[in-house]
Amino acid sequence: MTDYKSELPLEARRRERHRPDSPVVMYQRWSELLFLHWAVPPEVVQAGLPEGLTVDTYEGQAWIGVVPFLMHGVRPRGLPPVPALSNFPELNLRTYVYDHIGRPGVWFYSLDTPNSVANWIARTFFHLNYRTARMEVRHGEREIDCRSELKQDNRFDEAQHYRWRREGRAFEAEPGSLEFFLAERYRLFAYDWKSRRLFSGRVHHVPYPLQAAKVSQYSKRLFSLSDLEEPDGGPDHTLCSAGVPITVHPLARVAPIQG
């Protein structure tokens with residue numbers, strides 16, 4: 001039985017902040033991120049993970065996050081951005097895991113965007129569950145308003161609506177804090193269910209400038225769309241960020257567990 005109380009040492013998390021030695025394959029900027037998180041029993045997360053990944057916990061709790069944000073200037077290395085393809089909103093449902101080497105990262109249940117080309121590339125070459133959605137983002141004087149409708153079987157699902165604004169001074173997450181656990185993630189894991197192979201990819205950026213989030217509208221629909229029970233009540237933790245520029249590094253196979 002997995003001992004979910006054996007949490008990763010802080011140094012393992014700090015190491016992920018270092019710039020990868022591998023080459024940059026893509027540039028992008030993530031902006032106006034909202035982080036809505038719910039605490040869930042670790043067994044709920046572990047039950048849906050592929051072989052080779054273990055649920056990551058903070059003080060014995062697993063966390064699942066709903067994260068709407070904007071992508072800007074998405075482009076492969078050596079090519080300029082194309083406005084029609086390089087700028088678009090994204091909405092994802094994510095949780096936190098580590099591999100058998102002890103490297104912490106993000107596991108995505110889903111990633112929804114209106115960009116069908118980017119979605120196809122991400123599904124095909126990065127083994128990520130990108131899905132097509134009809135999305136709209138509006139910037140008010142202070143508030144950000146995001147709506148998303150997932151496309152399924154040539155029909156659009158009910159609208160998910162998020163509205164928030166950044167408040168207070170920006171701060172950097174303190175190592176060891178819950179904010180550090182939730183936001184300071186520089187590795188993703190992906191799984192090719194057909195070949196049963198686990199992959200890991202790195203991103204690099206300066207630490208997020210985090211702020212308090214004043215949330216006036218949110219949805220829990222992403223949970224049920226990923227066959228998870230929708231949590232009772234509102235999020236247990238909220239954060240937001242103006243954003244950061246990102247470098248993306250190659251996806252590599254995670255060596256299988258020996259024995």
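Residue-level check: of (1) without any contact (Cβ under 8 Å) to a residue 60 or more places away in the chain; (2) under 27 Å from VAL25 (Cβ atoms); (3) not in a strand (DSSP E or B), VAL203 misses just (3).
Does any residue of segment 187-199 turn out to be without any contact (Cβ under 8 Å) to a residue 40 or more places away in the chain and open to solvent by 60 Å² or more (accessible area, probe 1.4 Å)? Talk me through it step by step, then tell me what you get.
Of segment 187-199, the ones without any contact (Cβ under 8 Å) to a residue 40 or more places away in the chain are 194-195.
Still in the list and also open to solvent by 60 Å² or more (accessible area, probe 1.4 Å): 194.
Checking segment 187-199: at least one residue is without any contact (Cβ under 8 Å) to a residue 40 or more places away in the chain and open to solvent by 60 Å² or more (accessible area, probe 1.4 Å).
For segment 15-32, the criterion of being among the acidic types (Asp, Glu), surrounded by 16 or more Cβ atoms within 10 Å (Cβ to Cβ) and in contact with a Cys (Cβ under 8 Å, 6 or more places away or on another chain) is satisfied by at least one residue. The set of residues in segment 232-259 that are open to solvent by less than 40 Å² (accessible area, probe 1.4 Å) and under 17 Å from the mean Cα position of the chain (by Cα) comprises PRO235, HIS237, LEU239, CYS240, SER241, ALA242, GLY243, VAL244, ILE246, THR247, VAL248, HIS249. Taking the criterion of being open to solvent by less than 50 Å² (accessible area, probe 1.4 Å) and out of contact with any Pro (no Cβ under 8 Å at 6 or more places or on another chain), the residues of segment 128-139 that qualify are LEU128, TYR130, ARG131. Inspect all residues belonging to segment 208-221 and state whether any of them is under 18 Å from VAL45 (Cα atoms) and either touching a Pro at 6+ places or on another chain (Cβ under 6 Å) or open to solvent by 20 Å² or more (accessible area, probe 1.4 Å) (or both). Yes - at least one qualifying residue is present in segment 208-221. Of all residues in segment 167-177, exactly one satisfies the criterion of being open to solvent by 30 Å² or more (accessible area, probe 1.4 Å) and within 19 Å of the chain's Cα centre (by Cα), namely GLU172.
Let's see how each residue does on (1) within 25 Å of TYR162 (Cβ to Cβ); (2) at pLDDT 95 or above; (3) open to solvent by 20 Å² or more (accessible area, probe 1.4 Å):
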site	(1), (2), (3)
LEU36	yes, yes, no
GLU51	no, no, yes
THR54	no, yes, yes
TYR58	yes, yes, yes
VAL66	yes, yes, no
LEU79	no, no, yes
VAL82	no, no, yes
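Of all the criteria given as (1) more than 19 Å from TRP107 (Cβ to Cβ); (2) without any contact (Cβ under 8 Å) to a residue 60 or more places away in the chain; (3) outside any strand (DSSP E or B); (4) of a type in the set (S, T, N, Q), the one not satisfied by GLN211 is (3).
The values are calculated or read from the model by the stated rules, or taken from the named source; none is laboratory data. Here the structure is a predicted model, which is why all the values come from computation and not from measurement. Reconstructed Cβ throughout: ideal geometry from the backbone, glycine too, with neighbour counts over all protein chains shown. To get the accessible areas, we keep the full protein, side chains included, count just its heavy atoms, and leave off ligands, DNA and RNA. Shrake-Rupley method; radii C 1.70, N 1.55, O 1.52, S 1.80 Å.
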